[in-house]
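> Sending over a structure as structure tokens; questions will come in a sec.
Any read-out appearing in this document is the output of simple, stated calculations on the displayed coordinates, not a laboratory observation. A quick note: this is a predicted structure, and the numbers were derived from the prediction, not measured. Counting neighbours? That spans all protein chains shown, and the Cβs are built from the backbone with ideal geometry, glycine included.
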Amino acid sequence: MVSDRLSKAHLYWARQSLVETQRRYLEPPSEDPQTQQLWHDCQQQLDQLVTKLDQQRVRVVLLGGVSRGKSALINALLGREVMTSSPLHGVTRFPQGVVWTQTAGDALVEFVDTPGLGEADGKPQAAAAWEIVQTADLVLFVGAGEITEEEARALERLQGLSKPFILVFNKADLYPDPELPASLAAYPRVVVAAAPQARQVRLEWPDGRVEYRWETPPPQVEELRQLLVTLLNQQGRSWVALNTLTQAAAVEADLAVLVVAKPALGWGLGKVLGVLLLPLAGLDLLLGAAMDLGLVRHLGLQYQVPIHSYRPDRLVWALLLSGVGLGLSELGDLWLPEWWGAWLQSLVAGGGSLWVGRTAQTYWQEGRGWGPYGIRRAIAAIERSLGEIEVKDSE
Ligand SMILES: Nc1nc2c(ncn2[C@@H]2O[C@H](COP(=O)(O)OP(=O)(O)OP(=O)(O)O)[C@@H](O)[C@H]2O)c(=O)[nH]1
Ligand SMILES: [Mg+2]
């Protein structure tokens, strides 16, 4: 678990990373109106993500099958009836958010209720629920009793999203000891009763009268509430940072394809001509190395990315092997007829340039995410410092 200071640092890092990304794509990459429109949309999305970060609001989305008590759980956590909860199936039709004014801690939290999954003819509702899950910083998956096949599929999909989530087993009054499939044993889970059923109690008075009354027990959500208070205040901001960066990475991927480096034929052609014309093998090698390095730098300038430490080995190997290949081809002069040797050298020189160019392109492209304040680098670092969610056993 991270401290709240580290969590704030994550938020700061994510913000810098977003601003840096926006700066990197400050100008539309071409005059083409379609490209300009796409660029504009992406910039707008990044603006929205920066605003989301600045609000520091942790979004907790409740997801689960119909009638599992998602809406009732929000009401129980808030201590007031905000969401409509009813025995009818499919009561919640659209995602709906409400801010949680906590008594402890200073993280701003928003609960989002979603339509139940698996309602007959409820495809658009389920799609809306999954769409909102994409924006969640934490997901509470609400089940009650045995996990159905539909719920197991939803959980599998949720696991694939790599978002923090907690399994909440509701209706503890009906299912006090819910069975958990082995595949989910590693996930944090809490058992609650958001709206326990009224039960009949028998009262015996001193005068011998016996009375039967219906009593509704209070909700049992304290364990979950405590867990949320602790988690959200300590690492809620890290989750916001992580989730915003993940969304920004998708936007950046869209932006990245708009910027295509112009083919740098000059460097390859210069190298081939030089190798053909220069009389000494040593000069060929020097020129080859200079041209390869020039090509790498030229591409780097086009992508406007600083030198970075993510997988430089591939580039170093490409440069080395291009040089070694050229060196070996020079030996062809010893046993090939004169012009054949020259052809071999120019072929190897050109091939080397092509390879170095391709590898450099990948290196610089990846550098956008992995360089200083790169989105990928920030995501990896935050993920490393965030631990698993721990739920202490109350027994
Ligand atoms: N026995 C029992 N019933 C509960 C509990 N929590 C909720 N319910 C009942 O379950 C029913 C469904 O609750 P909702 O809150 O509407 O469930 P939901 O998951 O929001 O349902 P949809 O919006 O239709 O998907 C209601 O009748 C609730 O009173 C609980 O802890 N115990
Ligand atoms: Mg509901």
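> In 10 Å bins starting at 0, how do the alpha-carbon pair distances of the chain split up by percent?
4, 18, 21, 17, 13, 10, 7, 5, 2, 1, 0, 0, 0
> Mind pulling the angle between the C-alpha long axis of helix 4-24 and the longest principal axis of the chain? Nearest 10 degrees, somewhere in 0 to 90.
The angle comes out at about 40 degrees.
> Output the relative contact order of the chain, whole-number percent, from Cα pairs under 8 angstrom with separation of 6+ residues.
Relative contact order here is 19 percent.
> Next question, about the same structure. Please find, in a Gaussian network model of the chain (springs between Cα atoms separated by less than 10 Å), the residue of G288, G332, G90 whose mean-square fluctuation is greatest.
G332
> Taking K171 as the anchor, which lysines have their alpha carbon closer than 29 Å to its alpha carbon, excluding any fewer than eight residues away along the same chain?
K70, K123, K163, K392
> Provide the gained length on full extension for the span R297 to E179, in nm with one decimal, where the gain is 0.36 nm per separating residue minus the Cα-Cα distance.
Once the chain is fully extended between R297 and E179, it gains 36.5 nm.
> What angle do you read, to the nearest 10 degrees and between 0 and 90, between the alpha-carbon axis of helix 222-258 and the longest principal axis of the chain?
Around 30 degrees separate the two axes.
> I would also like to ask the following. Which ordering of H10, H89, H308 is given by a fewest-first count of other beta-carbon atoms within 10 Å?
H89, H308, H10
> How much length would be gained if the chain were fully extended between K8 and E27, taking 0.36 nm per residue of separation minus their Cα-Cα distance, in nm to one decimal?
3.8 nm
> I would also like to ask the following. For a footprinting-style exposure proxy, rank K70, K163, K171 by other Cβ within 10 Å, fewest first.
K163, K171, K70
> Under 17 Å from the Cα of K271, which aspartates and glutamates turn up, not counting those fewer than eight places away in the same chain?
In chain and number order, the partners are D284, D292, E330.
> Mind putting a number on the dipole of the chain about its Cα centre? Charges go on the C-beta only, +1 for Lys and Arg and -1 for Asp and Glu, and I need it in Debye to the nearest 20.
660 debye
> Can you give me the C-alpha center-to-center distance between region 1-69 and region 309-347, rounded to a whole angstrom?
45 Å
> Taking the Cα atoms only, what angle lies between the long axis of helix 312-330 and the longest principal axis of the chain, rounded to 10 degrees?
Between the helix axis and the principal axis of the chain, the angle is about 20 degrees.
> Which of G282, G327, G64 moves most in a GNM of the chain, Cα contacts under 10 Å?
Comparing G282, G327, G64 in a Gaussian network model of the chain, the most mobile one is G282.
> Also, quick follow-up: Among the DSSP beta bridges whose two residues both lie in region 4-258, what percent are antiparallel, rounded to the nearest 5?
Here the antiparallel bridges make up roughly 40 percent for region 4-258.
> Obtain the nm distance between the two label points defined at L286 and I307 by a simple spin-label model: each point lies 7 Å from its Cα along the Cα-to-C-beta direction.
Reported label-point gap for L286 and I307 is 2.2 nm.
> Nearest 0.05, what FRET efficiency do W214 and V82 give at R0 = 35 Å with Cβ-Cβ as r?
With R0 = 35 Å, the Cβ-Cβ based efficiency is 0.90.
> Here is a follow-up. Residue farthest toward the positive end of the dipole of the chain, with Cβ of Lys/Arg at +1 and Asp/Glu at -1: which of L155, V229, L277?
L277
> Given springs between every Cα pair under 10 Å in a Gaussian network model of the chain, which of T51, T135, T216 has the largest fluctuation?
Comparing T51, T135, T216 in the GNM, the peak value goes to T216.
> Label-point separation (nm) for L276 and Q34, each offset 7 Å from Cα along Cα-to-Cβ?
So the label points at L276 and Q34 sit 3.8 nm apart.
> Obtain the nm distance between the two label points defined at K123 and V324 by a simple spin-label model: each point lies 7 Å from its Cα along the Cα-to-C-beta direction.
Those two pseudo-labels are separated by 5.6 nm.
> Restricting to DSSP H runs of at least four residues, report the calculated mean residue ellipticity at 222 nm for the chain, -39500 (n - 2.57) per run over all residues, nearest 500 deg cm²/dmol.
Computed mean residue ellipticity for the chain: -18500 deg cm²/dmol.
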